[in-house]
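Here the structure is laid out as structure tokens; the discussion comes afterwards.
The values are calculated or read from the model by the stated rules, or taken from the named source; none is laboratory data. Note that the structure is a prediction, hence the values are computed from the model and not measured. As a convention, Cβ positions derive from the backbone with ideal geometry for all residues, glycine included, and neighbour counts pool all protein chains shown. The area values use the complete protein model at the heavy-atom level, side chains included, leaving out ligands, DNA and RNA. Shrake-Rupley method; radii C 1.70, N 1.55, O 1.52, S 1.80 Å.
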Amino acid sequence: MSIDDDDSSARDLAPALRRGVRILGVLTEAQGRPVGVTEIARALSAPKSSTSNLCVVLEETGLIRRVDAGYLLGHRTVEFGGAYIRSFNEVREFYRFCATAPALSHEVVQIAMLDGSDVLYLARHEGTAPLRLTAGIGDRFPAAPTAVGNALLAALPDEEVVRLFSDPAAFPRRTAQSVRTLPDLLVKLEKARERGYAVDENGVHPGISGVAVRMPPRSSSSPALAIGCTFLTAATSDLQQATILEELFELERLMENPMQPFGER
């Protein structure tokens, strides 16, 4: 077989690979609901026969699994996701810090990264009074109303923010306090830059607020991450919020310099 033949074979496989990845995306968005081949094919705008063949291959590799009502994600996706998260040294340091920090050990604390106009959550410390409504590992939330999203977006130039949020769908109305327009988001981000941290005041869930700080990437190939703490608005005093912020900044410094002992200023 010639080099040209190899290139031709790779090009022929590319559409199938793309569709396979899109199938995984469809099942991810279903959030645990089985999805049948007909629905998957409709989402892909692809023939049902070829979609069924791709599902068979994905099932054989453990990436998806068949149940009575359709398909779900398979165990191999957990392996891949776990391997990806383990590539971040910051995640291990995050869990160690949160377990011993006087305030954060009692709170829900998360790490997230920016993905377009969304944030993707990579780690979660439960605390002693976990909030079930908040994001778990692997969850995707709109970046505009979230504290972690604002912490990450505040580091971008306004031109990049405008590009990412040109679609009104990037501003879902989750609560009455959710940011709804691009000008309002730009104002929020400017305030976050001035403060040095981002705030969510009941913008994602009613009665739940949060604060977040950004961690600069450790290398040019690493994404920037944000650390956020979520708490009940009415049950958290200004003093408690100040202590939470102090420990988030302490964790940020630790992430930037892992050799620094906890508590060293």
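Under the shape rule built on the C-alpha gyration tensor, where the axes satisfy a ≥ b ≥ c, region 136-244 is oblate, since a/c reaches at least 1.5 while a/b does not exceed b/c. Couplings 3J(HN,Hα) for region 217-224, derived from phi with the Karplus relation 6.51 cos²θ - 1.76 cosθ + 1.60 (θ = phi - 60°), are x, 7, 8, 5, 9, 9, x, 5 Hz, where x marks Gly and Pro.
Work out the length of the dipole vector of the chain about its Cα centre, built from +1 on the beta-carbon of each Lys and Arg and -1 on the beta-carbon of each Asp and Glu, and round it to the nearest 20 debye.
Working: 28 positive and 34 negative charges, 126 e Å.
For this selection, approximately 600 debye.
Compared with the dominant principal axis of the Cα atoms in the chain, helix 89-100 is inclined by about 40°. With the gyration tensor restricted to C-alpha atoms of the chain, the semi-axes of the equivalent ellipsoid amount to 37, 21, 20 Å, longest first.
Ordering CYS229, PHE249, PRO216 by the projection of their Cα atoms onto the charge dipole of the chain, which places +1 on the Cβ of Lys and Arg and -1 on the Cβ of Asp and Glu, puts CYS229 at the extreme positive end. The C-alpha atoms of the chain define a longest principal axis, and helix 182-195 lies at about 50 degrees to it. The figure for ARG218 is an accessible area of roughly 100 square angstrom, using a 1.4 Å probe on the protein chains alone.
Amide hydrogen proximity for THR146: with H placed 1.01 Å from N in the peptide plane, no residue at 5 or more positions away or on another chain lies under 5 Å.
Angle, helix 3-29 long axis vs. longest principal axis of the chain, Cα atoms, 0 to 90°, nearest 10? Once rounded, one gets 50 degrees.
Rounded to the nearest 500, what is the 222 nm mean residue ellipticity of the chain from helices alone, with -39500 (n - 2.57) per DSSP H run of 4+ residues and division by all residues?
On the way: 9 runs with 119 residues, N = 265.
Mean residue ellipticity at 222 nm (helix-derived): -14500 deg cm²/dmol.
As a rough guide to protection, the peptides 237-245, 195-203, 139-147, 97-105 ranked by mean Cβ packing within 10 Å, highest first, stand as 139-147, 195-203, 97-105, 237-245.
Between SER219 and LYS191, the distance separating the two model label sites (each 7 Å from Cα on the Cα→Cβ line) works out to 3.8 nm.
One chain, two ends: ASP238 and VAL91. Fully extended at 0.36 nm per residue, the span grows by 50.1 nm beyond their Cα-Cα distance.
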